Amino acid sequence: MPLRRRHDNLAALPRDPRADVYPMPAVPYGWYAVLRSVELRPGEIVSLHYFGRALIAFRGADGRPAVRDAHCPHYGAHLGTGGKVVEGTVECPFHGWRFGPDGRCVLAPFAPRTPKVSLGGFAVREHSGLIFVHSGPDEPSWEVPEIPEAGTRQFAQPIDDTCRARIHVQEMRENIVDESHFHFIHGQSEPLVQEWRSNGPFAEARGRISRRILGWDIDNTFDAFMYGPGVMVVRTHGSALSVTAVALTTPVDDRTSEMRMLYYIRKPARLPFLTPALKLAFRAVALGEVREEVRIWDHKVHQPRPVLLPHAKGIKALRRWYAQFYPPGPLAQSGDPTSPAGTRSNDRTSGDQG
């Protein structure tokens, strides 16, 4: 019987209130992908909800994306409900006020002069088929590099899978360095051995993953590149299958996080017609394993000081690195986010269009 079936009854369990308590703020500072580029067409408004905020996304007259707060500062209407894009600005459905991509009001019908009010929002970047926003009190000091697999024909169009869980976004990232779970969830014969490196907001975990998939023995290199708190690119290379997984983890509110996975499968050079079959096989295995993790995440509690075995080194290393993305305070100053520092709070910062 597959391991994932053992946890199917978790959804019916009462939720322990400790599962919503964390020693770190809900929104680490950094870049997050909130949309794929194809999901934001010119002339349309897309409503979003991340970081505990109602948001809208639209494209300005130059085609560049903007992500702003959703509610009109005039009288509180939600601009994504009946609003429209007019000449690269978003027009409120209630009273016709218009706001540019930088958030500033550019038109207020019947007003003797245009009010000096703005929609809050974020610095925005678009590349690799994704729209990123920066959450934090300051201008971005680093950038997410481009992801080559998103723009080459050597890889198939991605398998796109999104799920949400009642878990802090940091714990979603800790999953990649949890050595032992690769045996119980992903079929690795023994705990994964990884090499950890970090450089400022960037980090990397390297290793090998060996397992059996649909009767095939897979022995692949495993390289996870982390770009701040919300973006990770995992590349696995092998003779039978090479996959690049783009893991986009984003806080939804102070209790929920979203994980969007884009799986880019390399087309077999000599047998490209096998690509659809490879995608089907990969989907059948990988997506079920992700759902197993989500079911567990939904009911786990945060352990500030987990009981780590001698081989389990990744979680502590990642927590120390991840601490830099939180506001200065006891958590960051100690350099050890395993020390309790209060309860979870909700980040409400905003930045300017970039």
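Some notes on this structure:
- Segment 129-159: GluC sites (Glu not before Pro) in DSSP loop, at most 13 other beta carbons within 10 Å: Glu146
- Cross-link partners of Lys267 among lysines, defined as those whose alpha carbon lies under 30 angstrom from its own and excluding same-chain residues fewer than eight positions apart: Lys279.
- Within segment 111-177, the chymotrypsin sites (Phe, Trp or Tyr not before Pro) that combine a DSSP coil assignment with at most 16 other C-beta atoms in a 10 angstrom radius are Trp142.
- Judged by the mean number of other Cβ atoms found within 10 Å, the most tightly packed of the peptides 15-24, 38-47 leads the ranking 15-24, 38-47.
- Share of carbon and sulfur in the accessible heavy-atom surface of segment 81-144 [1.4 Å probe, %]: 53
- Simple spin-label estimate for Leu274 and His311 in nanometres, 7 Å along Cα-Cβ: 3.1
- Computed with a 1.4 Å probe over protein heavy atoms only, the accessible surface of segment 37-100 comes to 44 Å² per residue.
- Under 25 Å from Lys116, Cα to Cα: lysines that are on another chain or at least 8 residues apart: Lys84
- Segment 50-109: relative contact order as a whole-number percent, Cα under 8 Å and 6+ apart: 25
- Only lysines eight or more places from Lys300 in sequence, or on another chain, were considered; those with a Cα closer than 21 Å are Lys313, Lys316.
- Cα-centre dipole for segment 131-181 with unit charges at Cβ (Lys and Arg positive, Asp and Glu negative), debye to 20: 240
The values are calculated or read from the model by the stated rules, or taken from the named source; none is laboratory data. This structure is a prediction, so every number in the text was calculated from the model and none was measured. No Cβ is skipped: glycine too gets one built from the backbone with ideal geometry, and neighbour counts run over all protein chains shown. Ligands, DNA and RNA are stripped out before the accessible areas are found, and what is left, the full protein with its side chains, is counted by its heavy atoms. Shrake-Rupley method; radii C 1.70, N 1.55, O 1.52, S 1.80 Å.
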